[in-house]
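Below is one structure, written out as C-alpha cells; the observations come after it.
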Amino acid sequence: MTDTEVSSVVSDFIGFLNASPTAFHAVDEAKKRLQKVGYEQVIEREDWKLEAGKRYFFTRNHSTIVAFAIDDVLVVHPLIFCMLRYVAGNGFHVVGAHTDSPCLKLKPVSKVKKADYLEVGVQTYGGGLWHTWFDRDLTVAGRVMIREEKGGSVSYSHRLVRIEEPIMRVPTLAIHLDSRGVNDGFKVNTQSHLLPVLATSVKVELNKEFAENGHHAILTQMIATKLGCQPDQICDFELQACDTQPSIVAGAAKEFIFSGRLDNLCMSFCSLKALIDATSSESDLENESGVRMVALFDHEEVGSNSAQGAGSPAMLDALSRITNSFTSDSKVFTAPLPVFFSVTLSDSYQMLTKAIQRSFLVSADMAHALHPNYMDKHEENHQPKLHGGLVIKHNANQRYATNAVTSFIFREIAMKHNLPIQ
C-alpha cells in the first residue's frame, strides 16, 4: 500500500473508533457501512430468502452483528446436466472479533448521594485497569428504551444515545490526604472509590423539575434532551461511562494510535473492512467457492456465554440457516434431462456438518506488544513487536485454537500476500 492508502485506512479507522463508544454504537456503525455498499439486513425471527451472489447481515441484541456474502459460481454437474449456483455443503470462510471492551456500566439504580455530592453508581465490566479511569473527563453512552404515543397507540423503540460533553469524573484522592501510601501501590475499591461525581446537590436541587426513579433527575433529563423526548418516556437503559477524549494518530513520527477500546475494535474494523473491500462488486464473488463471513460478537470480555456472545448459538444458527436455504431450494436450471431432488432434514444436517468441516475461521483479537519498561513480562523467545507483523497466538491449554495445521494455512496465506508474521 502507498503512504496515501495507508493514511486513508488509518483515518477511516480513527473515524470508526470515535463513532463506537459502546458495543451498540460499534454494531450500528458496522451496519451503516454494510448497508452503504449494498448489504441487506435479514431478521432472525423471520424467514430468510437468500440468493447466490447476494450479501446479507443480521444483528442480535443490537450489540452483535454477523455479515456474509454468498458466492455466485455456476457449476456444471457432470452427470445430470444441470447447473447449480451456490452448492449447499460448501465451506464458510470466517473472521471473528468482538465489539465490547472493559468499562464502567451504570447500575440499575445508579443514584448515589454522599456528602452533598451526586454520584453515579457503576459496576465494573470485564477485566479492566480500573486505576486508569481516575481523573478522566467522562460522559455516558449506550442504548435507551423509549415509549412513544401516536394516534392513541403506544409503541416502544430502541435508541442509541451519547452525550458528547464531559459530565462526570472519578477524582483521585489528594496527595496530602494519603501521602504515605498512594505512590507505593494504589488499590482501588471498586464499590467506593470508583464512583463518578456528577454534580453537587446544592446546584441540582435548585433546578429539579421532575421526580427521580432510581437515577439522578439531572442525568435522566440530559439523556431525554439528547434524544428529543421527555424524561418520563424513558422506560429503561443500558449505559456506560465513556472517555470523551477522542482517538487520534500521535507520537513524534505519527506512528501510534492513542485510543481506548483498541481491544477489540481494531480487529472489528479490519475484518469488516476486509469483507466490504472483498465483496464490493458483483465480480468479487465469481471465483469464491464458499461463503465469506465476519462475526463481531458482544460479551467476549466476560466469557462470551451470553445469548449474543461467541459461545451462543448465533454462529451455528447462521451457518445452519444459510446452508438450509440452499439445501431445501437449490437453483435448478434447464437441462436436457429431467431431474428431481428429494431433500430431507437428514440431508440438511449432513450438508451443515460437511460445510463446517470445510470451513476455516480466524479468531482475530489483539496481541500485547513488548513493553519497553516491562520487558520481563514476555518470554525471551516470544516477544511480539510493533512493526513486526501479524501475531499468531498459541496456547498448549487451548486458550487459543491454533494448531500446526491452522497456523501453517495462515502463514501460507500471509506469504502469498507479502504479510509479515510473528
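Condition check ((1) closer than 27 Å to residue 312 by Cα; (2) at pLDDT 95 or above; (3) in contact with a helix residue (DSSP H, G or I) (Cβ under 7 Å, 6 or more places away or on another chain)) across all residues:
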site	(1), (2), (3)
35	yes, yes, no
68	yes, yes, yes
89	yes, no, yes
101	yes, yes, yes
109	no, yes, no
131	no, no, no
ask   = Can you name the residue in the stretch 88-128 that is more than 18 Å from residue 366 (Cβ to Cβ) and either under 15 Å from the mean Cα position of the chain (by Cα) or β-branched (Val, Ile, Thr) (or both) and is also most open to solvent (accessible area, probe 1.4 Å) among such residues?
value = 109
message = Here is a list: 286, 255. Which entry is farther than 30 Å from residue 121 by Cα, open to solvent by 70 Å² or more (accessible area, probe 1.4 Å) and assigned by the TED database to the domain that holds residue 72?
response = 286
query = If the Cβ limit is 6 Å and pairs must be 6+ apart or interchain, which residue in the stretch 4-26 that is free of Cβ contacts under 8 Å to residues at least 12 places away in the same chain pairs with which residue that is open to solvent by 20 Å² or more (accessible area, probe 1.4 Å)?
reply = 19/29
key: Candidate set from the stretch 254-296 (those that are within 11 Å of the chain's Cα centre (by Cα) and charged (D, E, K, R)); member that is nearest to residue 364 (Cα to Cα)   = 263
request  = Please tell me if residue 110 is part of a strand (DSSP E or B) and within 17 Å of residue 216 (Cα to Cα).
outcome  = yes
task = May I ask you to say which residue of 217, 199, 224 is under 26 Å from residue 27 (Cα atoms), at pLDDT 90 or above and open to solvent by less than 80 Å² (accessible area, probe 1.4 Å)?
result = 224
ask   = If a residue has to be in contact with a Lys or Arg (Cβ under 9 Å, 6 or more places away or on another chain), open to solvent by 60 Å² or more (accessible area, probe 1.4 Å) and part of a loop (DSSP other than H, G, I, E, B) to count, how many in the stretch 13-55 make the cut?
value = 1
inquiry  = I need a count of the residues in the stretch 148-165 that are within 15 Å of residue 239 (Cβ to Cβ) and either open to solvent by 60 Å² or more (accessible area, probe 1.4 Å) or more than 29 Å from the chain's Cα centre (by Cα) (or both).
reply    = 3
query = So is residue 170 free of Cβ contacts under 8 Å to residues at least 60 places away in the same chain, over 16 Å from residue 223 (Cβ atoms), open to solvent by less than 40 Å² (accessible area, probe 1.4 Å) and of a type outside the set (D, E, K, R) or not?
reply = yes
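The values are calculated or read from the model by the stated rules, or taken from the named source; none is laboratory data. Please read all numbers here as calculations on a predicted model, not as lab measurements. Reconstructed Cβ throughout: ideal geometry from the backbone, glycine too, with neighbour counts over all protein chains shown. These accessible areas exclude ligands, DNA and RNA; they are computed on the full protein's heavy atoms, side chains included. Shrake-Rupley method; radii C 1.70, N 1.55, O 1.52, S 1.80 Å.
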